[in-house]
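I have placed the structure first, in the form of structure tokens, so that the comments after it can refer back to it.
The values are calculated or read from the model by the stated rules, or taken from the named source; none is laboratory data. Given the structure is predicted, the values throughout are model-derived calculations rather than measurements. As a convention, Cβ positions derive from the backbone with ideal geometry for all residues, glycine included, and neighbour counts pool all protein chains shown.
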Amino acid sequence: MSMKIEDSEVDIVIAALCPNLTSFLEEWQPFFSRFHLIIVKDPDLEDDLQIPAGFDHQVYSKSDMERALSGSSINFSGHSCHYFGYLISRKKYIISIDDDCHPARDNSGALVDPVAQHITNLQTPATPFFFNTLYDPFCQGADFVRGYPFSLRNGVDCILSCGLWLNLADYDAPTQIVKPNERNTRYVDAVMTVPIRAMMPMSGINIGFNREVLGPALVPGLRLVGEGKRRWETVEDIWSGMCAKVVCDHLGCGVKSGLPYVWRKDVDAGNAMESLKKEWEGVKLMEEIVPFFQSVRLPASAITAEDCVVAIAGMVREKLGTLNPVYVQAANAMEAWVKLWKAVGSSKV
Amino acid sequence: MASKESPSVPITPLLKDELDIVIPTIRNLDFLEMWRPFFQPYHLIIVQDGDPSKTINVPEGFDYELYNRNDINRILGPKANCISFKDSACRCFGYMVSKKKYIYTIDDDCFVAKDPSGKEINALEQHIKNLLCPATPFFFNTLYDPYREGADFVRGYPFSLREGAPTAVSHGLWLNIPDYDAPTQLVKPRERNERYVDAVLTIPKGTLFPMCGMNLGFNRELIGPAMYFGLMGDGQPIGRYDDMWAGWCVKVICDHLGLGVKTGLPYIWHSKASNPFVNLKKEYNGIFWQEEMIPFFQAVVLPKECSTVQKCYIELSKQVREKLGKIDPYFNKLADAMVTWIEAWDELNPSGAANGTAKGK
């Protein structure tokens, strides 16, 4: 069931929250150069972007967003500008890596190509219905273990691949305040399928996905009132990832987590306290968001990601809307997103 | 047997008086020599399968009790028919007679493995760490075990779930000969597991897995009665599904009672590949039957009134009889044996006397 993904089927989406992408892109050049890059400029960023030569790329900025949005209420500022890249792409697959990440090294010291690994993850089956204790049964040197039913060994399409981070792990602000010096040095050499109905926090820092099937489910829905520009001042990817997981489970597709790793740059730890003020709302909201997504059951009539997102938006409004206005906005944004996705003809690859 | 102090054990063992090591064997226990630095402080329960007139040699210096088939028959009387003969499933007798809080069970062809730095792995110590710290079955942590040094819960993980759940089972893995079924062994006779995955993770609630009994730790007080390894071996139509059966029962009950199951580290070195043709004969029915057993376990709902492991297990046995009985009469026998097992367990482990009563010998 493994298929081959061609380079021409992939767009790499880079969200530019800082103007100078020169060193970032030069460092990633060996892994990015074969691919088309969609570079999306944070609409709040005023300075011009600095992009080195040698990349097949297209830059999108505030004016492009305004033109495409034509009245829609979606807010693409900050990390949410990633989603504009997903919307505007016409490729089947997207890979996205944050602009504060460097290539990591594996346990042998070799540089990791996260693009190739995400592609591998997306082109080999996922196994969400039963846990394989040797993790990915399709990788070299591994297989399904004794007791794994044969009828489940075909697996299903993997449509979302969630990578990890060495050095600065994706912690929330409270954790960073308590452990300002903790760095993730553990390279876990595994990819695994996140089982059906198991929810997880998807970090948008290092992901790959099948845009054609899943695109509409990765939705810029939840914006915190005090949302900031750093990952730990947002929860939009966590919301979007839970939406995506519920949709994947419903569509009978799979989500993988694990390899590849990227190496995430250190930041000024002194900012963590400031970040806490911005993120605290998100930390509290998770207490309501997680039980909500765990309880979502989609109707059999929802057969596409668009259908699923619209259904979930209705449930958000009904079950969470009264708890906090931010959820009403999320529901509105999800519906607007699907409309926009259809209007822009984004599913047509 | 009196224990003999070994001058070479450098580390203070954790839970020395709270953990038994259960080892099924039909041959010999030479493998214990390699494990001596890690196992010697602990009490061993050896379950001798096969011919009871054979003498199993236990290396000097280990504190142990040994049960052969005659002992099992004597202790359990008519209930002994629930304990398998000519199959390592008989090990679960060791769980039943133990009076300790924790069990570690290991096969006699499993040796000490080395981690990527070349250091020998103290598998028992890792299992103890796994069992003593919480599991996180309600929400998947993408950095795996958040309680490990150098790790934590990731952004988005709700704080209300960060205390975790008690860990009932610690499922370890194997380097070298992987735990494959016979068809896979036949197709890939040379495949060896060389990948050291440096992670412990909790298997999410609602997810089943194939539990291997080769390198397994569990909290006997939390889940012991569910660790019945079924009817296998001599006179039975199936073999090599003992641990699988126990694992599915255990997981369903753990999910119901809010307990956690971990998998991953520690690794042991599995040295012996059993004969795949022999295995195929043993597993043959299992390969077909598992196609029905798994959907059965995935659909099991235990009523709220099942508040203890024993109640859950008896309820499970009823559902096995009702839903799997039609596949083959074996399942009716198995359902009976599940009930017998619980009766025997409760007889040998009356409530409130988990640690105090005399040994069965």
**Request:** Mind listing whichever residues of region A:295-330 are assigned to a helix (DSSP H, G or I) and more than 23 Å from A:Ser346 (Cβ to Cβ)?
**Result:** A:Ser295, A:Met315, A:Arg317, A:Glu318, A:Lys319, A:Pro325, A:Val326, A:Tyr327, A:Val328
**Message:** Exactly one of these conditions fails for B:Glu221: (1) within 16 Å of the chain's Cα centre (by Cα); (2) surrounded by 20 or more Cβ atoms within 10 Å (Cβ to Cβ); (3) closer than 27 Å to B:Cys133 by Cβ. Give me its number.
**Reply:** (2)
**Complete:** Across region B:169-204, the tally of residues that are assigned to a loop (DSSP other than H, G, I, E, B) and facing chain A (nearest Cβ under 8 Å) stands at 15
**Message:** Just to be sure before I move on: is A:Tyr187 closer than 23 Å to B:Arg240 by Cα and facing chain B (nearest Cβ under 8 Å) in the structure I sent?
**Reply:** no
**Asked** What are the residues in region A:187-213 that are under 11 Å from the mean Cα position of the chain (by Cα) and of a type in the set (A, V, I, L, M, F, W, C), if any?
**Response** A:Met202, A:Ile205, A:Ile207, A:Phe209
**Message:** Please go through region B:94-144 and give me each residue that is in contact with a helix residue (DSSP H, G or I) (Cβ under 8 Å, 6 or more places away or on another chain), within 28 Å of A:Tyr187 (Cβ to Cβ) and within 14 Å of chain A (Cβ to nearest Cβ), ordered by number.
**Reply:** B:Thr136, B:Pro137, B:Phe138, B:Phe139
**Message:** Can you find a residue that is within 14 Å of chain B (Cβ to nearest Cβ) and either out of contact with any Ser or Thr (no Cβ under 9 Å at 6 or more places or on another chain) or surrounded by fewer than 24 Cβ atoms within 10 Å (Cβ to Cβ) (or both) anywhere in region A:210-220?
**Reply:** no
**Request:** Among residues belonging to region B:161-206 that are among the hydroxyl-bearing types (Ser, Thr, Tyr) and out of contact with any strand residue (DSSP E or B) (no Cβ under 9 Å at 6 or more places or on another chain), point out the one that is nearest to B:Arg148 (Cα to Cα).
**Result:** B:Tyr180
**Request:** Starting from residues that are hydrophobic (A, V, I, L, M, F, W, C) and closer than 30 Å to A:Arg146 by Cβ, keep the ones in region B:152-168 and report whichever is nearest to the other protein chains (Cβ to nearest Cβ).
**Result:** B:Ala165
**Message:** Testing B:Phe218 on (1) among the aromatic types (Phe, Trp, Tyr); (2) assigned to a strand (DSSP E or B); (3) facing chain A (nearest Cβ under 10 Å), one condition comes back false. Which one is that?
**Reply:** (3)
**Message:** It is to be established whether one or more residues within region B:287-295 are at pLDDT 95 or above, in a loop (DSSP other than H, G, I, E, B) and surrounded by fewer than 18 Cβ atoms within 10 Å (Cβ to Cβ).
**Reply:** no
**Item:** Pick from region B:51-65, criterion touching a helix residue (DSSP H, G or I) at 6+ places or on another chain (Cβ under 9 Å) and touching a residue at least 60 places away in the same chain (Cβ under 8 Å), ranking: surrounded by the most Cβ atoms within 10 Å (Cβ to Cβ)
**Value:** B:Phe62
**Fill in**
By my count, strands (runs of 3 or more DSSP E) wholly in region A:68-178 with at least 3 residues that are within 14 Å of chain B (Cβ to nearest Cβ), in contact with a strand residue (DSSP E or B) (Cβ under 9 Å, 6 or more places away or on another chain) and over 24 Å from A:Lys4 (Cβ atoms) are A:158-167
**Fill in**
Of the residues in region A:121-134 that are touching a residue at least 24 places away in the same chain (Cβ under 8 Å) and among the hydroxyl-bearing types (Ser, Thr, Tyr), the one that is surrounded by the fewest Cβ atoms within 10 Å (Cβ to Cβ) is A:Thr124
**Prompt:** Which residues, taken from region B:66-79, are crowded, with 18+ Cβ neighbours inside 10 Å and either touching a residue at least 24 places away in the same chain (Cβ under 8 Å) or under 20 Å from B:Pro225 (Cα atoms) (or both)?
**Reply:** B:Tyr67, B:Asp71, B:Ile72, B:Ile75, B:Leu76, B:Lys79
**Asked** Of all residues in region B:179-192 being more than 17 Å from the chain's Cα centre (by Cα) and touching a residue at least 40 places away in the same chain (Cβ under 8 Å), which is surrounded by the most Cβ atoms within 10 Å (Cβ to Cβ)?
**Response** B:Asp181
**Fill in**
In region A:233-270, anything of a type in the set (Val, Ile, Thr) and either within 16 Å of the chain's Cα centre (by Cα) or crowded, with 24+ Cβ neighbours inside 10 Å (or both) is listed as A:Thr234, A:Val235, A:Ile238, A:Val246, A:Val247, A:Val255, A:Val262
**In region B:275-303, the residues that are within 12 Å of another protein chain (Cβ to nearest Cβ) and free of Cβ contacts under 8 Å to residues at least 12 places away in the same chain** = B:Phe288, B:Glu291, B:Pro295
**Conditions (1) under 18 Å from the mean Cα position of the chain (by Cα); (2) crowded, with 24+ Cβ neighbours inside 10 Å; (3) within 11 Å of chain B (Cβ to nearest Cβ): number failed by A:Glu279** = (1)
**Prompt:** Of all residues in region A:224-265, which are part of a strand (DSSP E or B) and facing chain B (nearest Cβ under 9 Å)?
**Reply:** A:Ser257, A:Gly258
